[in-house]
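> So that we are looking at the same thing, I have put the structure below in structure tokens.
Readers should treat all values here as calculations from the given coordinates under stated rules, not as data from a laboratory. All values derive from a computational prediction rather than experimental measurement. Cβ atoms come from the backbone with ideal geometry, glycine included; neighbour counts cover every protein chain shown.
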Amino acid sequence: MGHPSNFDGGDPELGHPLPGNFFGMIYKGGVIVPMLFGMFLMVIVFSIERFIVISKAAGSGSVEHFVRKIQSLLSAGSIDTAIAECDKQKGSVANVIKSGLKKYKEVETDQTMDIEQASLAIQKDIEEATSLEMPMLEQNLTIIATLVSTGTLVGLLGTVTGMIKSFAALATAGAPDQAALANGISEALINTATGISVSTVAIIMYNIFTSKIDKLTYSIDEAGFSIVQTYASTHK
């Protein structure tokens, strides 16, 4: 970035970045810009990691289609087939539903429980299985959420340092140092733009992932409700 070819006169320290030269502009952005690029890289890395994990949690096929199939099998009383479908689907949603179905079979053979107790036992088992799966889905999302605000704040810090340099150039005796003034303003604007970019990407990715997790949670709740209701309606 500090290569002489990126600057007027081949001087990275005193020369201005060539018009439209991105690397030269970044080099003149000061010490805050590398921090912002590090934060941007963190957003990209954690976004890829979350995308992989959440995609695996959804399983091998459409979650909506899977839930509908489980509901259809429950209505037909094919619990073993439903468990086999969970093994095919894999992922967090299938794991939770499979746990609920196994509990369904377990309470079905327990003569000491009435319908209400059995239904509560199934519901509790599903809730416990969900609580075990959810932390894996939400892991590292707090880092992305933190980068939403810190990206803007660090960018603002770079903006302030750039403006301080600009005003220092104006404060010199006699004619203002035009080069220092321009460099200070350039540094301020580069930091502002980079900080906003980091925060924008971070908040977009955070909202995408939370939306995906909410969708998976809704599918688990929908299937869990169907399991409990099916048991209650078929064991009156």
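> Taking the number of other C-beta atoms within 10 Å as the exposure measure, put T142, T200 in order starting with the fewest.
So the residues, fewest neighbours to most, are T142, T200.
> Stretched out fully, how many nm does the piece from D221 to K105 gain, at 0.36 nm a residue minus the Cα gap?
Length difference between fully extended and current span is 39.9 nm.
> Tell me, what is the FRET efficiency for A232 and N207 to the nearest 0.05, using R0 = 30 angstrom and their Cβ-Cβ distance as r?
Here the calculated transfer efficiency is 0.20.
> A further question on this structure: Compute the label zone of E64 within region 132-160: residues whose backbone N is under 12 Å from the point 7 Å along Cα-to-Cβ.
Label zone hits: none.
> Per residue of region 33-49, in order, report the coupling 6.51 cos²θ - 1.76 cosθ + 1.60 (Karplus, θ = phi - 60°) as ³J(HN,Hα) in whole Hz, putting x for Gly and Pro.
Along region 33-49, the couplings run 4, x, 5, 5, 5, x, 5, 5, 5, 4, 4, 5, 5, 5, 5, 5, 4 Hz.
> For region 56-143, what is the relative contact order in percent, using Cα pairs closer than 8 Å and at least 6 residues apart in sequence?
After rounding, I find 28 percent.
> Next up: In region 47-69, which residues have a backbone nitrogen under 11 Å from the label point lying 7 Å from L132's Cα in the Cα-to-Cβ direction?
none
> Treat each spin label as a single point 7 Å out from the Cα along the C-beta direction, and report the F51 to S197 distance in nm.
Label at F51, label at S197, 1.8 nm between them.
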